[in-house]
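I have placed the structure first, in the form of structure tokens, so that the comments after it can refer back to it.
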Amino acid sequence: MASTLGDELSYSTNKQSKIIAIGLDAPAPSILAGHSGSKAYWLDYKTGLWTSSKYYTDSLPSWLIEFNNKKLADIYLAKQWTTLLPLDEYTESIMDDNEYERGFGRFHKEFPHNLLKLANSQEKYAILNQTPYGNIYSKDLAIYTILNEKLGKDDNPDLLYLALTSGDGVSSRFHPLSVETEDFYLRLDKDLEHFIEFIESEVGMENTLIFITGTHGMALPPDYLAKNNFDVDYFDASKIMGILKSYLKAIYGKGNWIKYYNHQQLYLNRELIRKSGFTLKEFQLSITDFLVQVSGISQAIGSLTLESGEFSNGNLKKFQNSYQQKRSADIFINLSPGWCEKPYYRDEQRMFSYNSTYQYDIHVPLIWYGWKVKRKRINTFSEPIDIAPTIANFLMCSWPNATQGKPLNDIILQNKKP
């Protein structure tokens, strides 16, 4: 709906800059790449080959076809995920086989993990995105892309996004205190080291600006917290939606009043509400009043309140910032701290959803390295929306047209006075 950093860079160099985004799951590179002459590549989980769409290219470049022909996905799929270190050296984890993790199934919760045995027959390469090998495969393609597209080799700055999404896959099955999570990040550290060393030798850090961040954090399992004297539990949305529908039937009569529920958001049947002679405001207030009485729900708010009110801080400010009038839901639920939602759909593989407003979900790292960056730890509050204007200032190009963040000027190395 808005321009990206890649779009603005492309405009500023008259489309001479190369904008490329890579990630196993299609949404990540698609969102990062932008609109204007950019390229986005993702993995086809059925074939194990990197692909794209006609939105970005009519045909894959010859170098990518060559890379696909190496069949690296089959090499990684044939591996076992074993621990990088001896098991007794994982000092930040609880025991490997524990009751709090979903694992890869009831009998596949501890090391080693045999990828071929765990692979789904329909999309067998999707298992790569739930192990460190998905990140390695993505990094392999990023290196091949830099070499073949000759990124960073002329006067026009290029932009490469590398979405290492396997962490999301691992956290969907394991928790922050699992051996798998600790092992994953030990391996990620080595992958980043290798990738940065390659960039340093191929392009030179004096010609490169790197930023590293994440999309979300990871909560501790509610059952683990409950055993440590916290009054928390899992939020069972399917059960609560059933009770809510019975309540609406008793108050307003028979009807499919709720069209859709997804991750603590309710879409109402606005047409039915209008035809039945009720107002949307009345309906929203009735539902939110009911929901806040449910255990595990801290707040419930309707879209009309988000549209008419103004919240300067707190959780409701976050809801308002993410609200889009044409697309967003009618009712939003905010769970109490420590509560997590059970998977609502049968085919949903993750342990619980991540869309909370609390620090364990929203606190992510932000690391800068390379060109003009001074060595410094910054403790002041910043947000992911600050990244785009910061880089735009580095490149002296326009900010993305819907920017709401601020440039982080503290990271820039100031020239010394003569």
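The values are calculated or read from the model by the stated rules, or taken from the named source; none is laboratory data. Keep in mind the model is a prediction, meaning the values are calculated, not measured. Please note: Cβ atoms are built from the backbone with ideal geometry, for glycine as well, and neighbour counts cover all protein chains shown.
Residues are listed down the side, and each one gets a yes or a no for (1) assigned by TED's automatic domain parsing to the domain that holds residue 15; (2) under 22 Å from residue 64 (Cβ atoms); (3) not in a helix (DSSP H, G or I):
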site: 134; (1), (2), (3): yes, yes, no
site: 139; (1), (2), (3): yes, yes, no
site: 169; (1), (2), (3): yes, no, no
site: 174; (1), (2), (3): yes, no, yes
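Given the condition in contact with an Asp or Glu (Cβ under 7 Å, 6 or more places away or on another chain) and in a helix (DSSP H, G or I), answer yes or no: does some residue in region 6-19 qualify?
Within region 6-19, none of the residues are in contact with an Asp or Glu (Cβ under 7 Å, 6 or more places away or on another chain) and in a helix (DSSP H, G or I).
Let's see how each residue does on (1) in contact (Cβ under 8 Å) with a residue 12 or more places away in the chain; (2) in a helix (DSSP H, G or I):
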{"position": "2", "(1), (2)": "yes, no"}
{"position": "25", "(1), (2)": "yes, no"}
{"position": "28", "(1), (2)": "yes, yes"}
{"position": "40", "(1), (2)": "yes, no"}
{"position": "47", "(1), (2)": "yes, no"}
{"position": "66", "(1), (2)": "no, yes"}
{"position": "85", "(1), (2)": "yes, no"}
{"position": "105", "(1), (2)": "yes, no"}
{"position": "116", "(1), (2)": "yes, yes"}
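Residue 218 versus (1) touching a Ser or Thr at 6+ places or on another chain (Cβ under 7 Å); (2) in contact (Cβ under 8 Å) with a residue 60 or more places away in the chain; (3) assigned by TED's automatic domain parsing to the domain that holds residue 141; (4) not acidic (Asp, Glu): which is the lone unmet condition?
In the conditions (1) touching a Ser or Thr at 6+ places or on another chain (Cβ under 7 Å); (2) in contact (Cβ under 8 Å) with a residue 60 or more places away in the chain; (3) assigned by TED's automatic domain parsing to the domain that holds residue 141; (4) not acidic (Asp, Glu), residue 218 misses (3) alone.
Only residues that are in a strand (DSSP E or B) and either under 17 Å from residue 236 (Cα atoms) or not aliphatic (A, V, I, L, M) (or both): list them for region 273-305, please. Walk me through how you get there before you give the answer.
Going residue by residue through region 273-305, those that are in a strand (DSSP E or B) are 297-302.
Selection gives 297, 298, 299, 300, 302.
Counting just the residues of region 378-418 that are acidic (Asp, Glu) and in a helix (DSSP H, G or I), which one comes out modelled with the highest pLDDT?
Just the residues of region 378-418 that are acidic (Asp, Glu), to begin with: 383, 386, 410.
Now restrict to residues that are in a helix (DSSP H, G or I): 386, 410.
On the way: 386: 95, 410: 82.
This residue is 386.
Just the residues that are surrounded by 13 or more Cβ atoms within 10 Å (Cβ to Cβ) and over 35 Å from the mean Cα position of the chain (by Cα), please, taken from region 252-271.
252, 255
Somewhere in region 244-262, is a residue hydrophobic (A, V, I, L, M, F, W, C), touching a residue at least 24 places away in the same chain (Cβ under 8 Å) and within 19 Å of residue 339 (Cα to Cα)?
Looking through region 244-262, none of the residues is hydrophobic (A, V, I, L, M, F, W, C), touching a residue at least 24 places away in the same chain (Cβ under 8 Å) and within 19 Å of residue 339 (Cα to Cα).
Is at least one residue of region 146-162 of a type in the set (S, T, N, Q), surrounded by fewer than 19 Cβ atoms within 10 Å (Cβ to Cβ) and under 25 Å from residue 71 (Cβ atoms)? First the steps, then the outcome.
Going through region 146-162, the residues of a type in the set (S, T, N, Q) turn out to be 148, 156.
Next, only the ones that are surrounded by fewer than 19 Cβ atoms within 10 Å (Cβ to Cβ) stay: 148, 156.
Of the ones still in play, those that are also under 25 Å from residue 71 (Cβ atoms) are 148.
Checking region 146-162: at least one residue is of a type in the set (S, T, N, Q), surrounded by fewer than 19 Cβ atoms within 10 Å (Cβ to Cβ) and under 25 Å from residue 71 (Cβ atoms).
Does region 143-163 contain any residue that is under 18 Å from residue 185 (Cβ atoms), among the small types (Gly, Ala, Ser), modelled with pLDDT of 95 or more and within 23 Å of the chain's Cα centre (by Cα)?
Yes, that holds for at least one residue.
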